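Below is one structure, written out as structure tokens; comments come after it.
The values are calculated or read from the model by the stated rules, or taken from the named source; none is laboratory data. Every value quoted in this text rests on a predicted model; they were computed, and no experiment measured them. When we count neighbours, we look across all protein chains shown, and the Cβ atoms used for this are built from the backbone with ideal geometry, even at glycine. For accessibility, only protein heavy atoms count, side chains too; no ligands or nucleic acids. Shrake-Rupley method; radii C 1.70, N 1.55, O 1.52, S 1.80 Å.
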Amino acid sequence: MSKNLNMLLAGFGGQGVLFAGKVIAYGGLMEGKEISWLPSYGPEMRGGTANCSVCISDKAIGSPLVVNPNVFVAMNLPSFDRFINDVEPGGTVIVDSYLIDKKVERDDVNAFYIPASRLAEENNLKGGANIILLGKLFRECGFCSEEALDRAIQKCVPPSKAHLLENNRKAIRIGMEYEG
């Protein structure tokens, strides 16, 4: 990874947006990068809005707030509508196409559509759409090495939920391997 990544992940509270952002941040940290992770919640925790800014850089990060992301992951339609026009030209957009029945109308960004919520259901990975999207993001942006990503997942899955570690690994593989 050579360029600075200024990522915005957005969706409803409870979709795991903040967890996915934390995994990305740890992935960068495991490789000695400068990182920031800034969560933002709507007034309600579950069902309200949730987004997080993640910066990964070789240099010091001036502000943890990402206003014009070069990477945007949208998990719901309100977030898609709110942030799609803020993405930098040349940026990468990853959309949960199962929940968002809309295409990116801009032709100056690279858009990827993955039915992450449906894939999570089909693979018995309840609540795993966020990590499937993370796998697709990893494939398209390579924000860290595969080894660092696995170590980040191990770090972010708490010991009380260690039984979910393999599900997270499976979800990442599904996202990485998805063609579409």
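Please compute, over every Cα-Cα pair in the chain, the percentage with a separation greater than 19 angstrom.
Cα-Cα pairs of the chain separated by over 19 Å account for 53 percent.
Of the solvent-accessible surface of region 1-78, computed with a 1.4 Å probe over protein heavy atoms with every protein chain present, carbon and sulfur atoms account for 57 percent. Distance cut-off 18 Å, Cα to Cα: go down the list Lys22/Lys161; Lys103/Lys126; Lys136/Lys170 and report the pairs above it. Where the Cα-Cα span goes over 18 Å, the pairs concerned are Lys103/Lys126. Note on surface exposure: Phe138, Phe19, Phe12 rank Phe12, Phe19, Phe138 by accessible area, highest first, 1.4 Å probe.
For region 85-180, GluC sites (Glu not before Pro) meeting the loop criterion (DSSP other than H, G, I, E, B) and having at most 15 other Cβ atoms within 10 Å: Glu105, Glu179. Extension gain for Asp107-Glu146 works out to 11.0 nm (0.36 nm per residue, less the C-alpha to C-alpha distance). Residues considered: Ala120, Ala60, Ala152. Largest GNM mean-square fluctuation over the chain, using C-alpha springs under 10 Å, is found at Ala60.
Full extension of the chain segment joining Glu121 with Val67 gains 16.2 nm, where the gain is 0.36 nm per residue of separation less the Cα-Cα distance.
Only Cα pairs within less than 10 Å get springs; with that Gaussian network setup on the chain, which residue of Ile114, Ile61, Ile94 has the largest fluctuation? Ranking Ile114, Ile61, Ile94 by mean-square fluctuation puts Ile61 first.
Per-residue extension of 0.36 nm, minus the Cα-Cα distance of Ala60 and Asn85, leaves a gain of 6.4 nm for this segment.
With R₀ fixed at 41 Å, the C-beta to C-beta distance from Ser40 to Arg173 puts the FRET efficiency at about 0.90.
Only four residue types carry charge here, +1 at the Cβ of Lys and Arg and -1 at the Cβ of Asp and Glu. Report the dipole size of region 31-180 about the Cα centre in Debye, rounded to the nearest 20.
480
Summing -39500 (n - 2.57) over the DSSP H runs of n ≥ 4 in the chain and dividing by its residue number, what mean residue ellipticity at 222 nm do you reach, to the nearest 500 deg cm²/dmol?
Numbers: 6 runs with 65 residues, N = 180.
It comes out at -11000 deg cm²/dmol, rounded to the nearest 500.
Taking Pro39, Pro115, Pro89 in turn, the Gaussian network model of the chain (Cα-Cα springs below 10 Å) assigns the largest fluctuation to Pro89. The Cα center of region 35-85 and the Cα center of region 109-180 differ in position by 18 Å. Considering only Ala129, Val73, Ile100, and ranking their Cα positions along the charge dipole of region 72-130 that arises from unit charges at the beta-carbon of Lys, Arg, Asp and Glu, the one farthest toward the positive end is Ala129.
Close amide H pairs (under 5 Å, H built 1.01 Å from N) link Thr92 with Val71, Phe72, Asn110, residues at least 5 positions away or on another chain.
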